[in-house]
1. Kindly list, by first and then second residue, each pair from a residue in the stretch 471-485 that is surrounded by 19 or more Cβ atoms within 10 Å (Cβ to Cβ) to a residue that is at pLDDT below 95 and polar (S, T, N, Q), limited to pairs with Cβ atoms under 8 Å and residues at least 6 apart or on different chains.
2. Can you spot a residue in the stretch 543-551 that is farther than 25 Å from V258 by Cα, under 22 Å from the mean Cα position of the chain (by Cα) and open to solvent by less than 30 Å² (accessible area, probe 1.4 Å)?
3. Taking the residues in the stretch 489-504 that are acidic (D, E) and touching a helix residue (DSSP H, G or I) at 6+ places or on another chain (Cβ under 8 Å) as candidates, determine which candidate is farthest from L137 (Cα to Cα).
4. Can you pull out every residue in the stretch 431-453 that is in contact with a strand residue (DSSP E or B) (Cβ under 8 Å, 6 or more places away or on another chain) and assigned to a helix (DSSP H, G or I)?
5. Mind checking whether some residue in the stretch 672-691 is at positive phi, at pLDDT below 85 and outside the structural domain of K422 (by the TED database)?
6. I'm checking my understanding of the structure. Among residues of the stretch 425-441 that are among the polar types (S, T, N, Q) and open to solvent by less than 10 Å² (accessible area, probe 1.4 Å), which one is farthest from the chain's Cα centre (by Cα)?
7. Please state which of the following conditions I273 fails to meet, knowing it meets all the rest: (1) assigned to a strand (DSSP E or B); (2) crowded, with 18+ Cβ neighbours inside 10 Å.
8. Can you find a residue that is assigned to a helix (DSSP H, G or I) and either in the same structural domain as W613 (by the TED database) or of a type in the set (V, I, T) (or both) anywhere in the stretch 498-505?
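The values are calculated or read from the model by the stated rules, or taken from the named source; none is laboratory data. It should be emphasised that the depicted structure is a prediction, and the values quoted were computed from it without experimental measurement. Heads up, the Cβs are rebuilt from the backbone with ideal geometry, glycines too, and the neighbour counts pull from every protein chain shown. Note: accessible area is taken over every heavy atom of the protein model, side chains too, but ligands, DNA and RNA are not part of it. Shrake-Rupley method; radii C 1.70, N 1.55, O 1.52, S 1.80 Å.
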Amino acid sequence: MRGLNTPQREAVLTTEGPVLVLAGAGTGKTAALTARLAHLVATRKAWPSEILAVTFTNKAAREMKERVGRMLGDAVEGMPWLGTFHAICAKMLRRHAELVGLQSNFTILDPDDQLRLLKQLIAAAGLDEKRWTSRALAGLIDRWKNRGWTPADIDAGESELFANGRGQELYRAYQDRLRAVNACDFGDLLLHMLVILRGHRDVLEHYQQRFRYIMVDEYQDTNSAQYLWLRLLAQARKNLCCVGDDDQSIYSWRGAEVANILRFEKDFPGATIIRLEQNYRSTPHILAAAGGVIAHNGGRLGKELWTEADVGEKVRVIGVWDGPEEARRVGEEIEAFQRSGGKLDDVAILVRAQFQTREFEDRFISIGLPYRIVGGFRFYERAEIRDALAYLRVIHQPADDLAFERIVNTPKRGLGDKAVAKIHQLARLEGIPLTLASARILDTDELTPQARRALGGLIGDIARWRDRLNELPHAELTRLMLDESGYTAMLQAERTAEASGRLENLTELARAMEDYETLPAFLEHVSLVMDNDADRDTAKATVMTIHAAKGLEFDTVFLPGWEEGVFPSQRALDEGGVASLEEERRLAYVAITRARRQATILHAANRRIYGQWTSSIPSRFVAELPPEHVESETTMAGGESLWRAQWSEQTDPFHNAGRGGGRGPGWHRAAASGYDPTPKRVVEVRASAATYAAKPRSDISVGQRVFHTKFGYGAVAEIEGNKLEIDFELSGRKRVLDSFISPA
C-alpha cells in the first residue's frame with residue numbers, strides 16, 4: 001500500500017461486506033483495486049482461487065494480473081477467476097453445459113456465423129430479409145440477452161419490435177437452432193449461466209461458497225444480465241467490492257445501465273461508500289470545468305475532484321465561423337504546439353461522431369501534419385465510404401474493374417458467385433472491362449432471368465448516373481446514387497447505432513465533395529489522401545471519438561463540434577430524452593478529463609447539413625462551464641455573452657435552434673426536380689461500348705455443331721456479330737456469346 005492516499009488505503013483495507021469505490025477520472029482506481037486483491041492474498045484472507053475479479057476487457061485483465069504479479073510473484077498464476085465477464089462465464093458454462101442443453105465442447109459463434117444463421121431463420125419464416133434484416137434481429141436479440149431475458153420472458157410489446165410480432169418466435173427458433181448445433185453466441189455465455197444459477201440451487205451455492213471475495217472493475221458499465229449474475233453470486237457472503245464512476249457511464253447504447261451503480265446502497269444495505277477524489281492527471285482548471293458541467297446531471301452519487309497540481313491554463317472555448325475554419329484553427333494550434341517543443345504523440349482531437357474526422361483528416365493531409373485514427377478506420381478507409389467511392393469511380397471510369405467488383409452485388413442484388421464468374425470469364429476472353437462484359441452478357445441466356453434483371457438494372461443505373469453527371473452537381477448525384485442503388489435503404493433497414501453512424505459518414509462524404517469543382521478532382525484528392533501513410537514510427541496526433549478515448553489521457557486535447565445537434569447528439573436526444581441528455585453530459589465530462597495540461601473546446605456558427613449551410617448555437621454544455629475556469633475567444637459578434645444569453649432564454653431543454661432547413665433524403669430531392677428515379681434496364685454502356693468493338697469468330701459457321709459448358713451440344717442456327725442462336729439438343733434454342741462455345 002506504499003504510495004496510496006487515505007481513501008485508496010481505505011478501499012484496500014475494507015475487506016468485509018459490500019463496498020462501492022466511487023473512483024473519479026484519474027484518481028488511481030487501478031492501483032487501489034490491484035492493491036486490494038494482493039492484500040486479500042497476502043493476508044491469507046483467501047486463496048487466489050477463492051477470489052473472483054471481473055473486468056470488462058482482456059487488456060484490463062492482463063494489466064491487473066501483471067500488477068498483482070509484481071506484488072505477489074507466482075501466486076498470481078493461481079488466480080483462475082480473474083478475467084472478463086465473458087471469459088469467466090464461458091469457463092463456468094463448460095462445467096455445467098448440460099443443464100441448458102449443450103455439451104461441454106460447445107462452439108462460440110462469431111458475429112458472421114450468427115448473422116448467417118439468423119438469415120436462414122428469417123428466410124424459413126417467409127419474411128423479406130431486405131425489410132426484416134438479420135442484423136436488426138441480431139441487435140434486438142443481443143439487447144434482450146443483455147437484459148437477462150430468455151424467449152419465455154419476451155412480452156407482446158417486445159415481440160412487436162420485429163416482423164409485426166414475430167420477434168419472440170424467431171428468438172426461440174434461434175436458441176433452439178443453437179442448441180441443435182451445440183453452439184452459443186457471446187450473449188448466451190452470461191444468459192445461460194444466469195438461467196443455471198437461478199434454476200439450480202446446488203450450482204449457485206457451490207459458487208457462493210467458492211468465492212469468498214468478489215471484485216468488479218468499471219461497475220458503471222454493467223448491463224442487467226451482468227448485474228443479476230453478480231448479485232446472485234454475492235448474496236451469501238456479501239463481500240462484493242465494486243469500483244466505478246457513475247459520471248463516466250457512457251455505454252447505454254450497448255446495454256450498460258447506470259442505474260446499477262446508483263442503486264448499490266439499496267441492493268446492499270449498510271454498504272461502505274468510498275470516494276476517490278484526488279486526481280493525479282489534470283490541472284485544477286480542467287477538473288473544475290468538468291465538474292461544473294457534470295453537476296447539472298440529476299442522476300449521480302456526487303463527488304468533487306481535486307488535485308495538488310499547479311493551477312495551469314484555463315479551459316479555452318473558441319468560437320469559429322464554420323467547420324473548415326475549425327479544422328484550420330486546430331491545425332494551426334497543433335503546429336504552434338510543435339514549435340514550442342511539444343510532441344505530436346501528446347495531442348488528441350476527440351470528436352462526438354466519426355463523420356467529424358473527415359474535415360480534420362483533409363486539413364492535416366494538406367499541411368503535412370502526421371495523424372492516426374484510433375478506434376476505427378480513417379475516414380476514406382471505412383467500408384461504406386469505400387463502397388460509395390467505388391460507385392463514383394465506375395461512373396467516372398467504366399473500365400475500373402476493381403471498383404465494379406466491389407459494387408456488383410453491394411447491396412445484395414441476387415447476383416451469385418456463378419453469375420459474377422461468368423462476367424469475369426467473358427471479360428478475360430474478350431479483353432474488355434467488366435461493365436462492357438456485363439452489358440454484352442445481358443442479351444444472352446448465359447445468366448438466369450433473375451441475374452439478368454439484377455445486372456441489367458445496375459448497368460442501366462450506371463449509364464443513367466453518368467448522363468446525370470452532366471446535369472447535377474457531383475455531390476447531388478452522389479446522394480441520388482446512394483438512394484437509387486438501395487445503399488441508403490440497406491443501412492436504414494439495419495436499425496442500429498452503427499448503421500446510423502455509417503449513414504452520417506455518407507452524408508459527410510457528399511458534403512466533402514462540394515469543395516471540389518469536379519468529380520475527377522475529388523477522386524484524385526481521395527487517392528492522394530489514401531496514399532499518405534507515413535512511417536509508423538513517426539510521432540502523430542491522435543484523432544478519435546470520445547467513446548474510444550475513455551481510459552486514455554493526453555497533455556493537450558482539442559474538443560471540436562460542441563454545438564447543439566452535434567454534441568449533444570440530436571439523434572440521442574430524440575431517441576432517449578432526459579436520460580440520453582444526461583449520458584451526453586457524462587460524455588462531455590469524460591472528454592474534458594482526458595486532458596492533463598490543456599483542453600480546448602471549439603464550436604462553429606455554421607455547419608453544412610445535407611449540403612446546405614445552417615446556423616448553429618453552441619452546445620448547452622459550453623454554457624454550463626464555470627466562467628471563472630474558462631477563457632473564451634470567438635470570431636462572432638457578441639462573444640461569450642451571446643451564447644450564454646441564448647441558453648438562459650431557452651425554456652425547452654431539447655430546443656435545437658438553427659438545425660432545421662436541411663434537405664431531406666435524396667429521393668425527395670429527385671421527386672421535387674421532376675426526375676423519375678425508377679431504374680430502367682439499359683443494355684448499353686455508352687461511354688465504353690464504342691471503344692471495344694466485338695469481333696465475331698471466324699471459325700464458327702451456321703449449321704456447325706458446337707459445345708457449351710452450360711447448355712451442352714447444339715447446332716448454330718444464326719450468327720449476329722459475336723452473338724449466336726444455337727439449337728441445343730437438351731436445352732432448346734438459346735442466345736449465347738461465341739466466347740463461351742467451342743467446335744464439337
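1. Correct list of pairs: H474/T518; L482/T488.
2. yes
3. Per the criteria, the residue is E504.
4. Scanning the stretch 431-453 gives R440, I441.
5. Here is the first cut: in the stretch 672-691, the residues at positive phi are 674.
Okay, now just the ones that are also at pLDDT below 85, so 674.
Retained after the next criterion (residues that are outside the structural domain of K422 (by the TED database)): 674.
Checked against the condition, which is being at positive phi, at pLDDT below 85 and outside the structural domain of K422 (by the TED database), the stretch 672-691 yields at least one hit.
6. Out of the qualifying residues, it is S438.
7. For I273, the failing item is (2).
8. Taking the stretch 498-505 as the starting set, the residues that turn out to be assigned to a helix (DSSP H, G or I) are 498-505.
This time we only want the ones that are either in the same structural domain as W613 (by the TED database) or of a type in the set (V, I, T) (or both), so: none.
The answer is no, given that none of the residues of the stretch 498-505 is assigned to a helix (DSSP H, G or I) and either in the same structural domain as W613 (by the TED database) or of a type in the set (V, I, T) (or both).
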